[in-house]
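For reference, the structure is listed below as structure tokens.
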Amino acid sequence: MRLFSNAVVRTLAPAEAAPTTPPDAILVDGETIVAVGARDELLDIAAAQTSSTAALASAGGVGATSVIPGAAVEEIDCAGRVILPGIVDAHMHSVAYADSLTNLDLSGTRSLAEAVAAIRGRAQTLPVGSWVVGAGWDLNRWDDPRYPDRELLDREVPDHPVAMWSIDLHTVWANGHALEIAGIDADTPDPTGGEIVRDTAGVVTGLIREDAADLLVRYIPEPSREDQAERLERTQELFLSLGITGIHDFDGIASTLGWNDLREAGRQRLRVTKFLRQPEVPWAIETGWMTGGGDDWLQHGGVKLFADGALGSHTSHMSSPYPEPEPAGVGVHGAEAPESVEATAGAEVGVVALEVAPETHLNYGIAQMSEDELFEQARIATEAGISVAIHAIGDQANHHVLNVFERLRPITLEVSERLGRRLRHRVEHAQFIQPEDVARFAELDVIASMQPRHCISDLHLLHLIDESAQLAAYAWPDLLGAGAEVIFGSDGPVEHANPFAAIYAAMTRADTSGDASTTFQPQRRLSAVEAFRLHSRAPAVAAGLGDRRGHLAAGMDADFIVVDTDPCEAEGLVAAEAVAGPDGLLGYDSEEALFAHAEAIRDTRVFLTVVGGEVQYSAE
């Protein structure tokens, strides 16, 4: 047994399972919590279970251990720190995150020239002809916010194929060498759900959006399975150091194989709920892979589909067009205009053609699948016992996805009854929602999987949203108030995996610098306790594991963390679980007190991460 003592234990348990007196210790046997309570009481329990008398041996320092004579108990001193339930990131791209730790990072560049210089610098360190791969460029943050193209890359990096993902991972910027390898030229047609951007003369510019990116990235050499497993293992160590005890992983076959390899080698140290991509569905059906299968460490999730793109790439499917028409051949098209917008007769199916200036078109984003196509893919998965998670950011995309789930509802209920367990579908991101659609999440039993960091990372993009539409934007409390299940994640590596920075974002809806003047809709803030629950208990419930994970109590899995900041107490905090209200103060006596606590949480240090009863990470 292990006894984690000398701590402030925040169980975050439901009222019926909450301790009556403040606990200061947790007793663990194997992978399970035996009891939560006062240290002396837990020693008695340990002694009774081992038929021995326990006595304390001296120990010191955070994480210091000692064996208690007479009882098979190892005591770990938490030095007065706070114990919290383990954090589950409900939307992670593990392989992409691993790639981001080794590939070129352009997120800090502030101009096109600076980005090209960084690419040139990386190319100079590589053998001639090898791929230069990276991500993170964001034209919306450049001093001269214009779309990049292949011209500068062709001039500065002519001897290497180059592929650079945008920060949202929805657009690839490539040079001529890469395009030639992929066979992409002026005659290459746009695939459904994607766009090869061309200039007014029809020349490929080097920007490739959404599903069209597959035409190029398939030619980028992938690491071997052995290398991929090693990269995942290093990424796993980073996650553990941040207090993450589990992830819902949305990458494709490379991560499926990678986590399987780590599991079989006994090297997996955090829990993974693995979602598939659509091309893996036939294999899943053939092998009987179903949601809820797997084991305690590598659980089967669902399948991910895509309804639209991303706000930063101007490809999220909106009911109102982006503010200004873009030059023909440079903007994004492919999404249907809402029915209230009258398309020109004879317009190509799936492409908006409106009566605007001859050299421009209105941009509503990209619909990667039609509503009927989404339904058909979702139906195939659901009938096979596989839940569906659909990426939807724009309000029109969310509207279509909810329509799909409404049509799918009878099938979902029938399959749930046949399997004897609740099959639940999800919307990934749900950033912009039409007001009348908010209640539909709860009515249809659809989980809203959201990322609070997106709210504050998108502050510089909110001018792209039509205010007159009065959309529910990053509307976590609206959905919760309507009775919907909301879960939080990072969308890493689009955002950093640090969950405490995400809790800061949920509490403040303001820039990470702590500048309160940047706050977006303070009435939609969430308390620290609620935001933490959406990172712990809610993902467990969403995965069908609410009776085993997400809070600390006897019989629960021993997944928890030891940190230096308490989300439940702070100077100026009057009510720890208050709702925001019109002033957005969340139960604090001032805006200053709220931000002081939020910034302390943002800067939280993790001392221990325990998964399955084992200390998987220690800061000391």
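The values are calculated or read from the model by the stated rules, or taken from the named source; none is laboratory data. Since the model is a prediction, treat every value here as computed from it, not as a measurement. Cβ coordinates were reconstructed from backbone atoms using ideal geometry, including for glycine residues, and neighbour counts include every protein chain displayed.
List of remarks:
- Annotation note: of E233, E222, E195, the sole residue that is acidic (D, E), crowded, with 17+ Cβ neighbours inside 10 Å and over 30 Å from R146 (Cβ atoms) is E233.
- Checked against (1) more than 14 Å from L444 (Cα to Cα); (2) in contact with a strand residue (DSSP E or B) (Cβ under 9 Å, 6 or more places away or on another chain), E417 passes all but condition (2).
Yes/no matrix, rows are residues, columns are (1) closer than 23 Å to H91 by Cβ; (2) surrounded by fewer than 24 Cβ atoms within 10 Å (Cβ to Cβ):
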{"site": "R407", "(1), (2)": "no, yes"}
{"site": "E414", "(1), (2)": "no, yes"}
{"site": "E417", "(1), (2)": "no, yes"}
{"site": "L423", "(1), (2)": "yes, no"}
{"site": "V427", "(1), (2)": "yes, no"}
{"site": "Q434", "(1), (2)": "yes, yes"}
{"site": "A442", "(1), (2)": "yes, yes"}
{"site": "S449", "(1), (2)": "yes, no"}
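- Residue that is nearest to A389 (Cα to Cα) [pool: residues in region 296-342 that are at pLDDT 55 or above, in contact with a helix residue (DSSP H, G or I) (Cβ under 8 Å, 6 or more places away or on another chain) and surrounded by fewer than 20 Cβ atoms within 10 Å (Cβ to Cβ)]: L298
- Residue list for region 489-529, restricted to those being surrounded by fewer than 24 Cβ atoms within 10 Å (Cβ to Cβ) and of a type in the set (D, E): E495, D511, D515
- Single residue of region 561-583 satisfying the filter (among the aliphatic types (A, V, I, L, M) and assigned to a loop (DSSP other than H, G, I, E, B)) that is surrounded by the most Cβ atoms within 10 Å (Cβ to Cβ): A580
- Among the residues examined, L126 does not qualify as in contact with an Asp or Glu (Cβ under 9 Å, 6 or more places away or on another chain) and either in contact (Cβ under 8 Å) with a residue 12 or more places away in the chain or surrounded by 20 or more Cβ atoms within 10 Å (Cβ to Cβ) (or both).
- Hits in region 22-32 - residues which are surrounded by 22 or more Cβ atoms within 10 Å (Cβ to Cβ) and touching a residue at least 24 places away in the same chain (Cβ under 8 Å): I26, L27, V28
- Filtering region 594-614 to residues that are in a helix (DSSP H, G or I) and either in contact (Cβ under 8 Å) with a residue 40 or more places away in the chain or touching a strand residue (DSSP E or B) at 6+ places or on another chain (Cβ under 7 Å) (or both) leaves L594, F595, H597, A598, E599, I601, R602.
- Checking each residue in region 223-243 for being more than 22 Å from D603 (Cβ to Cβ), polar (S, T, N, Q) and in contact (Cβ under 8 Å) with a residue 12 or more places away in the chain picks out Q228, T235, Q236.
- Of all the listed residues (V116, V157), the sole one being over 16 Å from I208 (Cβ atoms) and more than 31 Å from the chain's Cα centre (by Cα) is V157.
- Residue in region 537-560 that is touching a residue at least 12 places away in the same chain (Cβ under 8 Å), outside any loop (DSSP other than H, G, I, E, B) and more than 25 Å from G294 (Cα to Cα) present: no
- Flag if E210 is without any contact (Cβ under 8 Å) to a residue 12 or more places away in the chain and buried (at least 17 other Cβ atoms within 10 Å of the Cβ): no
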